[in-house]
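Peer 1: Can you keep this structure in mind? I'll have questions shortly.
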Amino acid sequence: MKLRNILGALGLIALAVVAYLNRNEFTNVWNILLHIRWYFLVLVACVQVASYWINGLYYRSILKIFGYHVGVRRLFEGALATNFVNYVLPSAGIAGAGYLSQVLSPDVPRGESVLTQLMRYAFSGLAVIVTAPVGIGLLLAGKHAANPVLRATVISAAAITLLSLMLAALVEQKQWILRMVGWIASLSKHISKRLDTTKVTKFTEEFYAGWHRLTSEKRKIFVPFKWSILYITVEIGTFYMVFLAFGDEVNFGIAVLAYLFANIASIFGGVFFSTGVFEVGMAGTLVALGSPIALASSVTIVYRAVNLLVGLPTGYYFYRKYLP
């Protein structure tokens, strides 16, 4: 059997497992839909598709900095496929970064493709930090000043900033990284003689070629960061639409912080789990900010159900399309 067929079958199995693990959400959402403004959910689904297109525009902008010109449609498909891989294979986004390199191959070197996806995570984290004060400001205007979630937001933003600075400082240590990669490759070759250490070295050099291009053209970085801000804004907007679907016009700051905390939970919990971490973070934040448990659970379930129905089947299709 060809490797493409094997990987395609594994992807289908993973999709089935994800659907099974989320079966309660899909069952619950059917009951909830009987008492909801369904036309808002249609709008949510359409805007969700648009958010993947925005991801494609992000990819195009940063690849232009590297000197590559890739069509937005292909990058849109890559965004869906990458999201699918990240969801079915929890790895803190590493699996998705690796798969994007397959989508862009052979036009973009794998090292720069992986850097493109890693920078997307970095810009998204920075966008969270920039967006958090907006949510806090809206909550303060709504007299939520004493809520512990506000303090947790400040602490989380500080932690993300510190972690980002540490990672950036680590990446700057090129010679140390090259020695470490060489040592790991050499050790791995002793375990498996099939490993080609020259490919590992080439990948590392490609990664740093892209990194130095980014750091030498700092002004151009604003463009992909702009798309990251827009992506986060659109996602929060779709989440707020679910509240409107229930006929509840909550403080927009609640939607902002619930979405941000759900993503923070995914960052740290996504290494081990792809199911449940985002949902718990979102629903928990909503409850902490004063939403009734029933509403918090219903909004979270419906939002995630629509999100999964839009992203996973199409993501699997494009995952299959770009298999080697």
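Values in this text are rule-based calculations from the coordinates and carry no lab data. Keep in mind that this is a model prediction, so the values were computed, not measured. Glycine gets a Cβ as well: all are built from the backbone with ideal geometry, and neighbour counts include every protein chain shown.
Peer 1: Go through region 240-257 residue by residue and turn each phi into a ³J(HN,Hα) via Karplus (6.51, -1.76, 1.60, θ = phi - 60°); whole Hz please, and just put x for glycine and proline.
Peer 2: Running phi through 6.51 cos²θ - 1.76 cosθ + 1.60 with θ = phi - 60° gives 5, 4, 5, 4, 5, 4, 8, x, 10, 8, 6, 4, 4, x, 5, 4, 4, 5 Hz.
Peer 1: So, one more: Of the listed peptides 114-126, 40-52, 58-70, what is their order by residue-averaged count of other C-beta atoms within 10 Å, with the highest listed first? Write down the numbers at each step before the final one.
Peer 2: Numbers: 114-126: 21.6, 40-52: 16.7, 58-70: 19.0.
Averaged packing, sorted descending, gives the order 114-126, 58-70, 40-52.
Peer 1: Same structure, new question: Check which residues have an amide H placed less than 5 Å from Val70's amide H, if you skip close sequence neighbours.
Peer 2: For Val70, no residues qualify.
Peer 1: Suppose the chain between Arg219 and Leu162 were pulled fully straight at 0.36 nm per residue; how much longer would it get relative to their current alpha carbon spacing? Numbers along the way, then the final one.
Peer 2: On the way: separation 57, 0.36 × 57 = 20.52 nm, distance 2.25 nm.
My answer for the length gained is 18.3 nm.
Peer 1: A follow-up question, please. Determine the alpha carbon to alpha carbon distance for each of Lys64/Lys321; Lys64/Lys226; Lys199/Lys321 and list only those over 19 Å.
Peer 2: Details: Lys64/Lys321 24 Å; Lys64/Lys226 15 Å; Lys199/Lys321 25 Å.
Long pairs (Cα-Cα over 19 Å): Lys64/Lys321; Lys199/Lys321.
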